[in-house]
Amino acid sequence: MDAIRIRGGRPLRGRVPVSGAKNAALPILCATLLSDGESLLRNVPALRDIETTAALLRFLGRDVEVGDGTVLVKQATVAPRPEAPYELVKQMRASVLVLGPLLSRFGRAKVSLPGGCAIGARPIDQHLKGLQAMGATIELERGYVIARVPDDGRLRGTEFCFDLVTVTGTENLMMAATLARGRTTLVNCAREPEVEELARVLNKMGARIQGAGSSEIRIEGRDELQPFDHAIIADRIEAATFMIAAAATGGDVLVDHAPAEQLEAFMSKLVHAGCDVTREGTGVRVARHGKLQAVDITTAPYPGFPTDIQAQFMVLMCLAEGRSAITETIFENRFMHVSELARMGADIDVRGHTCIVHGVPHLTGASVMATDLRASASLVIAGLVATEFDTEIRRVYHLDRGYERIEHKLAGIGADIERIRGAAA
């Protein structure tokens, strides 16, 4: 099992590129099930989650070729198999996104329940309620969702209001509705850029979707959809992670292809913390010359402060003057990085859904263990600023799920960082 070793204390300087958005690529790959023919997705990051999705599509009967920045999904050469087994779904929660396309296209689907997650349980009840509102019959049997369309062979359009905002729920029902009979209106939808990106691709395929990016999405069902060729948007979470790394180390970094318009809530907090944040060409430059100032944040659905940046921003506040409050409203267990940061000298009190962070003069290198994807990124940033001893981060397979060659990118802007192959767990 790999580890990452970092010798901290070096300001990051230079230019770092942002890869394509994993959270946009995954639902778009699932959307290929809605049509025959060859679909090509470009600007795809080389990540474990992409490989897992490709393996799932192959199991379902598609021929998938993963190239350098591309994924080509070819027409099925065998009879489709509308079943997603536990062995694949357990590796990645987003695998549940095949449920809507399979059911709408083939009239039936058997998909394993994804179960819990290291950062808290994320149930799919909203997915199932929405599909039932579209006429599907749903049974839960031995850990699987078994879904079927009505006797006339198609889902039917409906109006469905989500009880709570859910990104994957919005995406699953939006895909299912593209081949349903009639109009579907989804209310209280997730507004994330990745939802908008999925709608763009579905419209390229011939779907009729309006309102994506707002709280109400309207879909006119079609009889069939066509394959597509599409380059996905940049990863806003990776971009924010590099911005925080630049700020934490007191560096000066141009984050190339950073989608600034998608990161306004985050960037305003970075400015309030004492950083210079300027749009420059196709990216965003982040520099810090003075001391960091404590600021409070509360995570919220888009366009609020992203939960996927909370752990990384907490490291920044560990180095700020004063006391900050970081409140997590999305996931109940997303403070597991706190105990590892404490091993490096951070002073953090956990009070329910809020962490009170007391700034310290410096962090000290230590051996730490990653617990989830964004916690891994926070420990990398902590390692970049830690002094006295090296930082060794174990279980970095979490990191490889969402960051493409992060050690190479950071080394390119001055970090002393290396991957240790086959390190002890």
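Computed from the coordinates by the stated procedures, all read-outs in this text should not be read as laboratory data. What you see is a predicted model; the values in this text were computed from it and never measured. Here the Cβ is made from the backbone with ideal geometry for all residues, glycine too, and neighbour counts use every protein chain on show.
Annotation for residue 350 and residue 367: the two label points, set 7 Å from Cα along the Cα-Cβ direction, are 2.2 nm apart.
Treating r as the C-beta distance of residue 151 and residue 280 and R0 as 51 Å, the FRET efficiency rounds to 0.30.
Determine, from the Cβ-Cβ distance of residue 65 and residue 272 and an R0 of 45 Å, the FRET efficiency 1/(1 + (r/R0)^6), rounded to the nearest 0.05. Walk me through the numbers on the way to the answer.
On the way: r = 46 Å, r/R0 = 1.02.
Efficiency, rounded to the nearest 0.05: 0.45.
Each of 125, 276, 372 was scored by other Cβ atoms within 10 Å of its Cβ. Arranged with the fewest first, they read 125, 276, 372. Here the chain carries DSSP beta bridges of which approximately 70% are antiparallel, counting only pairs with both residues inside.
With a simple spin-label model that places each label point 7 Å from the Cα along the Cα-to-Cβ direction, the separation between residue 264 and residue 323 comes to 3.3 nm.
Each 10 Å bin from 0 upward holds the following percent of the Cα-Cα pairs of the chain: 5, 22, 31, 24, 14, 4, 0. How much net charge surrounds residue 368 when only other residues with a Cβ under 12 Å from its Cβ are counted (Lys, Arg +1; Asp, Glu -1)? Summing Lys and Arg as +1 and Asp and Glu as -1 gives +1. The residues neighbouring residue 215, those whose beta-carbon lies less than 13 Å from its own, together hold a net charge of -1 under the Lys/Arg +1, Asp/Glu -1 convention. For segment 260-347, the Cα-based Rg and Dmax, in that order, read 13.5, 40 Å.
Rounded to the nearest 500, what is the 222 nm mean residue ellipticity of the chain from helices alone, with -39500 (n - 2.57) per DSSP H run of 4+ residues and division by all residues? It comes out at -8500 deg cm²/dmol, rounded to the nearest 500. Between residue 78 and residue 1, full extension at 0.36 nm per residue minus the direct alpha carbon distance yields a gain of 24.1 nm. Spacing of the modelled spin labels on residue 138 and residue 405, each 7 Å from Cα toward Cβ, amounts to 4.2 nm. Take the Cβ-Cβ distance between residue 420 and residue 13 as r, set R0 to 41 Å, and report the resulting FRET efficiency rounded to the nearest 0.05. E(calc), rounded to 0.05, equals 0.95. Full extension of the segment from residue 48 to residue 106, taken as 0.36 nm per residue of separation minus the current Cα-Cα distance, would add 18.1 nm.
From the alpha carbon gyration tensor of segment 22-231, can you work out the equivalent ellipsoid semi-axes (sqrt of 5 times each eigenvalue) and give them in Å, largest to smallest?
Numbers: eigenvalues 98, 74, 63 Å².
Value: 22, 19, 18 Å, ordered largest first.
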